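The numbers here are math on the coordinates, done by the rules we state, and not lab data. Computed from a prediction, not measured in an experiment: that's the story for all the values here. In this analysis, Cβ positions are derived from the backbone assuming ideal geometry, glycine residues included, and neighbour counts consider all displayed protein chains.
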Amino acid sequence: MSVAALVLAAGGGSRYGMPKALAPLPDGELFVERAVRTARTACDPVLVVLGAAMVEVWQRADLDGATVVGNRDWETGMASSLRTGIQGLQALGSGIEAAAVMLVDVPGTTPDVLQQLLPHAAPGALVVPVFDGVPGHPVLIGRDHWDGVAASATGDEGARAYLRTHEVTEVDCTGLGDPTDHDTPRA
């Protein structure tokens, strides 16, 4: 059994001014490249959901080692990307026991955060990292919950509603990464 990474990178980045997948970090690495590189340190397979500027992202970004799926409905919000990603994971086969759902606009996610979550991976797992007492990302979702998460996701809300109604394991990741969500270039 393996743990997959599901990188959600389909949004148009209206508040950011461009698709965040293409946003550069100070070292020149694109947000989506950082997410894929981080995911590959701990997860296999790595699946990336693209939408806005998909062709440009595909042409410019180094997505080596990742499987890419397109979300035609990306404009409807993150929920459609989460559903698309879950469908992609299910199509990859039954050997995946859980998926770490990563957001492209949280480039401070580190391999150390993933390593803290992986020991909790199981088909029935729901695991959230906590940074200074505040829940963050990536969220580890066991295979047994994928259909429920997909069914409950709406608009720009991914797994939040589902997690509120289920028992969730919190793992302290304080100091292991930066949980800042980069909604604007100043973040």
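Some values worked out for this structure:
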item: Potential extension, residue 94-residue 76 segment - 0.36 nm per residue separation minus Cα distance; result: 3.6 nm
item: Distance between modelled label sites at residue 167 and residue 15, nm, 7 Å Cα→Cβ extension; result: 3.4
item: Choice from 110, 165, 154 showing the highest fluctuation, given a GNM over the chain with Cα pairs closer than 10 Å; result: 165
item: For the chain, Kirkwood radius (reciprocal of mean inverse C-alpha pair distance, Å); result: 16.0
item: Extension reserve of the residue 29-residue 118 stretch, reckoned as 0.36 nm per residue once the Cα distance is removed; result: 29.5 nm
item: Extended-chain gain in nm, criterion 0.36 nm per residue less alpha-carbon gap, residue 40 and residue 156; result: 39.2 nm
item: Among 115, 171, 48 - extreme Cα towards positive end, dipole of the stretch 2-172, charges at beta-carbon; result: 48
item: Electrostatic dipole magnitude of the chain [Cβ: Lys, Arg +1; Asp, Glu -1; Cα centre; debye, to 20]; result: 320
item: Inter-label distance, nm, simple model (7 Å from Cα along the C-beta direction), residue 132/residue 1; result: 3.5
item: Considering only the chain, percent of DSSP beta bridges that pair antiparallel, nearest 5; result: 30
item: Net charge over other residues, Cβ less than 12 angstrom from the Cβ of residue 64 (K, R count +1; D, E count -1); result: 0
